[in-house]
Amino acid sequence: MKIHFVFFLVASVALFSCQNKNYYSLEDFSKVKKIDSHYHIYTDDENSVEQAKKDNFRLLNINTYSGGCERVVEAHQWLKTLKQTYPETTEFTTTFCLDGWDEPGWVENTISWIDQCVADGAIAVKVWKNIGMEFRDKDSLLIMIDDPQFDPVFKHLADNGIPLVGHLGEPKNCWLPLEEMTTKNDSNYFANNPQYHMYLHPEFPSYEEQMAARDRMLEKHPDLIFIGCHLASLEWSVDEMASFLDRFPNASMDMAARMGQLFYQTVENREKVREFFINYQDRLMYGTDIIDRGQDKVAFQNRMHQTWLNDWEYLATDNKMTSSLIDGEFRGLKLPKEVVDKIYATNVQNWYMFK
């Protein structure tokens, strides 16, 4: 009996050790090379780069057409210089403006701007939610992402293998009253940004219309590489995300600023969320949507670190967790190492085509 017990004990220890090799721990966080695939730097300060190096992160900085065209150009120069200064730590995208939309030459000028930015080092092009929620043409008609005038631009991207990064629409919560929203990250954001709280603006397209316009655009451009920001605005349902990815094989998505929605679904059905991550492990990318505007260095770097560490705990371990983004307790997904590596690095490099 003693021999059998010892054999069982040794076998159990060996099995446990083998299983542990398939997963990361919280202590592995700083040891693993990672990429934040959705980051924003709008400052000359180097606080983000400094903390990224400490936490073994590379930053993909997303330029966004918000705040006017002059801001887009200024941000491009910052990001270009940042990439030249820290080529091993930073990458960046460009975006384009809608200034002159109704004038002859908008398409040609936009393509020329994109080509210049790519030559400067940009690896993708971003479109933002103000398409569909803000800009109107000379006849006061809202410009949607499937407008035919975009077609030559998107064809140019597809023909040249330049990915399109799309924040189109908003979380489904956006069309609900604040008190009915499922996550605090949404209710807090829309309380502070009522201009984008579509519940208050029924004159704008519905959530379903926003998603349909995006899908029509993708149907017109099947060869276009598309990265859907913020879980492609399908954050409320892993089933909807799966259907979208099945429908559009050239599409992927990042999870920036939508961890709360993942936590919420994990409370309800952890295994379903985990299965989604494993089934679509080649199509998902980690990102945060952190914005660096030159804030207080210590506080900002602490926030960066804690955000990254908390998300790592959720994806890499099965620890019991709580979050300020939702009510309730949940367990981390404890994804296998190969899945974590894809989400944090390999997928970003593959979809954005950089090393």
Cβ pairs under 7 Å, 6+ apart, first in segment 282-305 and over 13 Å from residue 40 (Cα atoms), second part of a loop (DSSP other than H, G, I, E, B) and not hydrophobic (A, V, I, L, M, F, W, C): 305/55
Filtering segment 216-226 for residues that are in contact (Cβ under 8 Å) with a residue 12 or more places away in the chain and surrounded by fewer than 17 Cβ atoms within 10 Å (Cβ to Cβ) leaves a count of 4
Among 151, 239, which is the only one that is closer than 24 Å to residue 93 by Cβ and surrounded by fewer than 16 Cβ atoms within 10 Å (Cβ to Cβ)? 151
Taking interchain pairs and intrachain pairs at least six residues apart, which have beta carbon atoms under 6 angstrom, with the first residue in segment 227-239 and under 20 Å from residue 60 (Cβ atoms) and the second modelled with pLDDT under 95 and outside any loop (DSSP other than H, G, I, E, B)? none
Do we find a residue being in contact (Cβ under 8 Å) with a residue 60 or more places away in the chain, over 14 Å from residue 120 (Cα atoms) and under 21 Å from the mean Cα position of the chain (by Cα) anywhere in segment 66-73? yes
If you take the residues in segment 61-116 that are among the aliphatic types (A, V, I, L, M) and not in a helix (DSSP H, G or I), which one is surrounded by the most Cβ atoms within 10 Å (Cβ to Cβ)? 62
I'm trying to understand the selection: among the residues of segment 83-107, which are of a type in the set (Phe, Trp, Tyr) and within 22 Å of residue 61 (Cβ to Cβ)? 86, 92, 96
What residue, of 115, 146, 99, is charged (D, E, K, R) and touching a Lys or Arg at 6+ places or on another chain (Cβ under 9 Å)? 146
Filter segment 295-315 for residues that are more than 19 Å from residue 269 (Cα to Cα) and among the charged types (D, E, K, R); which is surrounded by the fewest Cβ atoms within 10 Å (Cβ to Cβ)? 296
Quick one: residue 207 ticks every box in (1) more than 26 Å from residue 349 (Cα to Cα); (2) surrounded by fewer than 18 Cβ atoms within 10 Å (Cβ to Cβ) except a single one, so which number is it? (2)
Selected residue (only one of 224, 234 is within 23 Å of residue 40 (Cβ to Cβ) and in a loop (DSSP other than H, G, I, E, B)): 234
Kindly indicate whether residue 352 is touching a helix residue (DSSP H, G or I) at 6+ places or on another chain (Cβ under 9 Å) and of a type in the set (Phe, Trp, Tyr). no
Residues satisfying the stated conditions in segment 158-171, i.e. under 20 Å from the mean Cα position of the chain (by Cα) and either surrounded by fewer than 22 Cβ atoms within 10 Å (Cβ to Cβ) or part of a loop (DSSP other than H, G, I, E, B) (or both): 161, 162, 163, 167, 168, 169, 170, 171
Restricting attention to segment 333-341, does a residue exist that is buried (at least 21 other Cβ atoms within 10 Å of the Cβ) and in contact with a strand residue (DSSP E or B) (Cβ under 7 Å, 6 or more places away or on another chain)? no
In the list 327, 289, 318, which residue meets the criterion of being surrounded by fewer than 19 Cβ atoms within 10 Å (Cβ to Cβ), under 21 Å from residue 188 (Cβ atoms) and among the acidic types (Asp, Glu)? 327
Taking segment 178-198 and keeping residues under 19 Å from residue 323 (Cβ atoms), touching a residue at least 12 places away in the same chain (Cβ under 8 Å) and outside any helix (DSSP H, G or I) leaves 182, 183
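The values are calculated or read from the model by the stated rules, or taken from the named source; none is laboratory data. From a predicted model like this one, the values you see are computed outputs, not experimental measurements. So basically every Cβ, Gly included, is an ideal-geometry build from the backbone, and we count neighbours across all protein chains shown.
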